Amino acid sequence: MKTVLYPGSFDPFTNGHLDLVVRAGKLFDRVIVAVAVNPGKQPMFTLAERESLILEACRDLPNVQVVSFTGLLVEAIETLHADAVLRGLRAFSDFEYELQMALMNRGLKRDCETIFLTPTLKNSFVASSLIKEVARLGGDFSKYVPPTVAVAISAKIAQEQTFHD
Ligand code: PNS
């Protein structure tokens, strides 16, 4: 039984992320989407919200699980008995950061393998940060995220605007 761990902030989960999960689900017996607690970032969605949005988006994918983790990724790999880490590569600009992380993780855990998959072209420029920016500025972001995520983003934006009024 081969398990791949797909870590990320997923704030929010996009069609690009879903694209990768679907691809990984065909290559591995089990895909664990692992939502990271990142103390350095101020997320739009809480950990529990992110987890539940991913669960909903992946509900038709039987071999996908969703968890959250704190601390080092290599520790989560150990605890969850994962065989490899999955990361997405969209453009060349992703490469440097991804290579750094892959090598650091291998430095921390000698047998840590990172596997990179690329999404389909139409999802290649989708980034959570861009989606949030477009949404906050009133643009149509709905085709870049699963339907439930789109609804949740709209609700957050409405909440933010009420708070600022
Ligand atoms: O979606 P992101 O923000 O690019 O994901 C980055 C993430 C969560 C995969 C990375 O920051 C991470 O692995 N965090 C856990 C802490 C850790 O192990 N840091 C060292 C990574 S080399």
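Each value in this text was obtained by applying a stated rule to the coordinates, not by laboratory testing. Computed from a prediction, not measured in an experiment: that's the story for all the values here. Heads up, the Cβs are rebuilt from the backbone with ideal geometry, glycines too, and the neighbour counts pull from every protein chain shown.
Filtering THR14, THR3 for residues that are more than 15 Å from the ligand (Cβ to nearest atom) and among the hydroxyl-bearing types (Ser, Thr, Tyr) leaves a single hit, THR3.
Contact map, region 1-23: first residue more than 20 Å from CYS112 (Cα to Cα), second residue assigned to a loop (DSSP other than H, G, I, E, B) and hydroxyl-bearing (Ser, Thr, Tyr), Cβ cut-off under 7 Å, separation 6 or more or different chains; pairs are ASP19/THR120. Here is a check on your reading of the model: is GLN100 part of a loop (DSSP other than H, G, I, E, B), among the polar types (S, T, N, Q) and on the phi < 0 side of the Ramachandran plot? When the stated conditions are applied, GLN100 does not pass them.
Annotation note: Cβ proximity below 7 Å between a residue of region 72-86 that is over 18 Å from PHE28 (Cα atoms) and a residue that is part of a helix (DSSP H, G or I) and within 8 Å of the ligand (Cβ to nearest atom) (sequence gap 6+ or interchain) occurs for LEU72/LEU108; LEU73/ASN105; VAL74/ASN105; VAL74/LEU108. Quick test for you: out of LEU117, LEU89, LEU47, pick the one residue that is over 20 Å from VAL4 (Cβ atoms) and touching a residue at least 12 places away in the same chain (Cβ under 8 Å). One residue alone meets the criteria, LEU47.
For VAL31, the conditions (1) crowded, with 19+ Cβ neighbours inside 10 Å; (2) over 16 Å from the mean Cα position of the chain (by Cα) all hold with the exception of (2). Residues considered: GLY40, GLY16, GLY71. Of these, the only one that is among the small types (Gly, Ala, Ser) and buried (at least 17 other Cβ atoms within 10 Å of the Cβ) is GLY16. Checked against the criterion of being surrounded by fewer than 17 Cβ atoms within 10 Å (Cβ to Cβ), free of Cβ contacts under 8 Å to residues at least 12 places away in the same chain and within 13 Å of the ligand (Cβ to nearest atom), region 134-153 contains not a single residue that satisfies it. For region 28-40, the criterion of being in contact (Cβ under 8 Å) with a residue 60 or more places away in the chain and in contact with a Phe, Trp or Tyr (Cβ under 8 Å, 6 or more places away or on another chain) is met by none of the residues.
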